[in-house]
1. Please give the number of the condition ARG40 fails out of (1) free of Cβ contacts under 8 Å to residues at least 60 places away in the same chain; (2) within 22 Å of the chain's Cα centre (by Cα).
2. Pairs please, first residue from region 177-195 and touching a residue at least 24 places away in the same chain (Cβ under 8 Å), second anywhere and not in a helix (DSSP H, G or I), Cβ atoms under 6 Å, 6+ apart in sequence or on different chains.
3. Kindly indicate which of LEU146, LEU140, LEU166 is under 25 Å from THR60 (Cβ atoms), assigned by TED's automatic domain parsing to the domain that holds ALA87 and out of contact with any strand residue (DSSP E or B) (no Cβ under 6 Å at 6 or more places or on another chain).
4. Taking region 73-103 only, how many residues are within 11 Å of the chain's Cα centre (by Cα) and without any contact (Cβ under 8 Å) to a residue 60 or more places away in the chain?
5. Suppose the filter is assigned by TED's automatic domain parsing to the domain that holds ALA138 and out of contact with any strand residue (DSSP E or B) (no Cβ under 9 Å at 6 or more places or on another chain); does LEU109 pass it?
6. Look through ILE41, ILE82 and report the one residue that is within 22 Å of THR190 (Cβ to Cβ) and β-branched (Val, Ile, Thr).
7. If we scan region 42-60, do we find a residue that is part of a helix (DSSP H, G or I) and of a type in the set (Lys, Arg)?
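The values are calculated or read from the model by the stated rules, or taken from the named source; none is laboratory data. Quantities reported herein were computed from a predicted structural model and do not represent experimental measurements. Cβ atoms come from the backbone with ideal geometry, glycine included; neighbour counts cover every protein chain shown.
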Amino acid sequence: MPKIVDYAAQKQMIGEAAWRVIQREGVENASVRKIAKEARISSGTLQHYFKTQPQLLEFTMKLVVERVEQRFAVLNEQIIEITLSSAIDVLLNFVPVNEEQELEAEVWLALTVKALHDPTLHEISKQTYQSIYETLLAMLQQLSKLGLIKQELELNMEAQKLHMLLDALTLHRMVNPETITVQEMSSLLTQHMAGLASD
C-alpha cells in the first residue's frame with residue numbers, strides 16, 4: 001500500500017524547518033533548497049506543498065500566529081476568571097520567555113522586516129498586530145468591568161501602551177538578551193499592571 005501522508009502535518013514540519021533556517025541564517029538565506037535539507041526532504045517534495053519561496057514564507061509567518069493562538073486556547077481553558085495575576089500570564093505569552101517563544105519571536109521579527117517590502121507578509125503583520133491590540137483591549141475591558149483596574153483609564157490608549165511595551169520587551173530581549181532576563185520582563189509587566197490596578 002502507498003504510504004499515507006498527513007498533508008497538514010507535513011506542511012507544519014516544513015514550516016518549522018523554515019523557522020530553524022531563518023533563525024540560523026536569516027530570511028534572505030532561507031532558500032527552498034536549504035529548507036528542504038533542514039526538513040530532510042527533496043526540493044521537489046517541498047515544492048509539492050509550496051510552489052514558491054514567497055508561499056512558504058507566508059505559511060511560515062502564519063504558523064507563528066497559529067502557535068500563539070494555540071497557547072491562548074489552552075490558557076483560556078485554564079483561566080476561570082480574569083485577575084491581574086492571570087492577565088500577566090496572558091501577557092507573558094506575547095514575549096520570549098522560553099526557547100520556543102524566542103524562536104517564534106526571532107522568526108516573526110525577521111519576517112516583519114521583510115514585510116516592509118512584501119505586501120502579502122505586510123498584510124499578515126498588520127492583521128496580527130490588530131488582533132493583538134484587540135486581545136489586549138478585551139482583557140483590559142474585562143478587568144475594568146470587574147473593578148480590578150482604575151475606572152478612569154482610557155482603555156484604548158492603555159491597550160496601545162501595553163502593546164508597545166510588549167513590542168519593546170520582545171525587541172530588547174532578542175537584540176540584547178544579556179541586558180534583560182525573563183524575570184525582569186515579568187517584573188516590568190507586573191509593575192505596569194500594578195500601576196493600572198484600582199486602589
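1. Looking at each condition in turn, ARG40 falls short on (2).
2. Note: pairs meeting the criteria are VAL182/VAL97; MET185/VAL95.
3. Details: LEU146 fails: under 25 Å from THR60 (Cβ atoms); LEU140 fails: under 25 Å from THR60 (Cβ atoms).
Checking each option against the conditions leaves just LEU166.
4. Number satisfying all stated conditions: 3.
5. Numbers: assigned by TED's automatic domain parsing to the domain that holds ALA138: yes; out of contact with any strand residue (DSSP E or B) (no Cβ under 9 Å at 6 or more places or on another chain): yes.
Taking the combined requirement at face value, the residue satisfies it.
6. Details: ILE41 fails: within 22 Å of THR190 (Cβ to Cβ).
Checking each option against the conditions leaves just ILE82.
7. Of region 42-60, the ones part of a helix (DSSP H, G or I) are 43-49, 53-60.
If we keep only those that are of a type in the set (Lys, Arg) too, we end up with none.
Taking every residue of region 42-60 in turn, none turns out to be part of a helix (DSSP H, G or I) and of a type in the set (Lys, Arg).
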